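Q: Got a structure here, written out as structure tokens. Questions coming.
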Amino acid sequence: MRPFEQYEEETLVMEEVIDVAQNDLVVYNDDVNTFDHVIETLVEVCGHSLEQAEQCTLLIHYKGKCAVKKGTFDELAPMRNAICRRGISAEVM
């Protein structure tokens, strides 16, 4: 074979498409909870970094709500329950 001779190679590509419904965990603003409480909750319950939790908290305050996490309903429901137990309004959408 010469150095620059072209050749064709057949490659089989197999894909499995799995339809996974993605939901949002949405946290709502209120006039009761402090910034620190919401930040601490997002870090502990959702596994956010401090910076990510601060940014979400600012969005919650100024926009009225923020989607703080994406995932399946089964993943997000326990987080939503933990957030609500801490007195913060949240829902899985």
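Here, each number is a calculation from the coordinates, and none is a lab measurement. Every value quoted in this text rests on a predicted model; they were computed, and no experiment measured them. All Cβ positions, even for glycine, are placed from backbone atoms using ideal geometry, and neighbour counts span all protein chains on display.
Q: Go through segment 52-77 residue by residue and tally those that are charged (D, E, K, R) and surrounded by 15 or more Cβ atoms within 10 Å (Cβ to Cβ).
A: Residues of segment 52-77 that are charged (D, E, K, R), as a first pass: 54, 63, 65, 69-70, 74-75.
Going one step further and asking which of them are surrounded by 15 or more Cβ atoms within 10 Å (Cβ to Cβ), we end up with 54, 65, 69.
So the count comes out to 3.
Q: Inside segment 26-49, can you point out the residues that are within 18 Å of E91 (Cβ to Cβ) and either exposed (fewer than 12 other Cβ atoms within 10 Å of the Cβ) or basic (K, R) (or both)?
A: Hit for segment 26-49 is V32, nothing else.
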